[in-house]
1. Tell me the angle of helix B:56-86 to the major Cα principal axis of chain B, expressed in degrees between 0 and 90 and rounded to the nearest ten.
2. Take every residue in peptide A:34-42, count the Cβ atoms of other chains within 10 Å of its Cβ, and give the average of those counts.
3. For helix B:27-52, what angle does its Cα long axis make with the longest principal axis of chain B, in degrees from 0 to 90 and rounded to 10?
4. Packing-wise, with mean Cβ within 10 Å as the measure, how do A:42-49, A:89-96 rank, highest first?
5. Please determine, in degrees from 0 to 90 and to the nearest 10, the orientation of helix B:3-23 with respect to the longest principal axis defined by the Cα atoms of chain B, where the helix direction is its Cα long axis.
6. Of all GluC sites (Glu not before Pro) in the stretch A:123-163, which ones are in loop regions per DSSP and have a Cβ with at most 16 other Cβ atoms within 10 Å?
7. Can you give me the span-like helices of chain A, meaning DSSP H runs with 27 Å or more of Cα extent along the axis and Kyte-Doolittle mean at or above -1.0?
Amino acid sequence: MAESIAFWFLSVVLVGSALAVVLSKNLFHSVLFLALALTGTAGVFLLLEAEFLAAVQLLLYAGGVVTIVVFAIVVTERLVGERISHTNRSITAGAVISLALVGLVVNAIAQRPLAMTRQPLSEDMTRTLGEAVLTKFVLPFELLGLLMLAAMLGAVYFARPED
Amino acid sequence: MGLQAYLTLAAVVFGIGLFGVLTRRNTIGILLGIELMLNAVNINLVAFARFSGSDVGMIFTVFAICITVAEAAMGLAIVILLFRIRRTVMADHLDLLKG
């Protein structure tokens, strides 16, 4: 019962803030609503008993990504010296395509018999995650480190001051 | 709440993100839509992991979150660079490759 209430509350927050992200007329408001949507997702992770992922979501996503986007807006607005316009075009076509896709997926989900009960996970999820990335998934983990380094160097190179 | 409820929620959020990507004029707005779509995929991965009792979905989500952060940093660096060259962040005006 408590889970149902929490789920519906988080669903309303998540869907509402997601709609605000794509419909808001102010770019800055969009970003703040994105932060709310990402926090709502962290709540959904908590509901699914993935505490470590909820913490990562808050730190990296809601903390990191939102900060980067705010910096980008501040930098570009300072360069152009005016408010960046933030409107939508061909709303009807976009809505038709999105609704068609959602209808298709929801229909497919409704037709399949899906699990109603949760399966027991490992006792300590954080420990399992830590052990997995250093044993079974060590190669993807190292490649991820390489990708992060490349992304960081690339971002610094692109955003360097003009000569 | 069964798996179905979580998958439906993720599908709706994905659809909203797709709407944002399709209709926003501003490149930063398009990037925000992409973030929403990636976020919906993460909900799916965690829900499947939780209801199937396998840890792999959760591990994959950690990788997906890290790659999204790298994507956001690179995407915004490209936006700033484009802005320096073209003085605009409107996707309609970024038509350098148009023949």
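1. The angle comes out near 10 degrees.
2. Counting other chains' Cβ atoms within 10 Å and averaging over A:34-42 gives 3.
3. Computed tilt is about 10 degrees.
4. Working: A:42-49: 20.1, A:89-96: 13.0.
In decreasing order of mean packing, A:42-49, A:89-96 become A:42-49, A:89-96.
5. Helix B:3-23 sits at roughly 0 degrees to that axis.
6. A:Glu123, A:Glu162
7. A:2-23, A:27-47, A:91-111, A:138-158
Bear in mind these aren't lab numbers, they're just calculated from the coordinates by the rules spelled out. The structure displayed is predicted, hence computed values, not measured ones. FYI the Cβ positions are ideal-geometry reconstructions off the backbone, even for glycines, and counts take in every protein chain you see.
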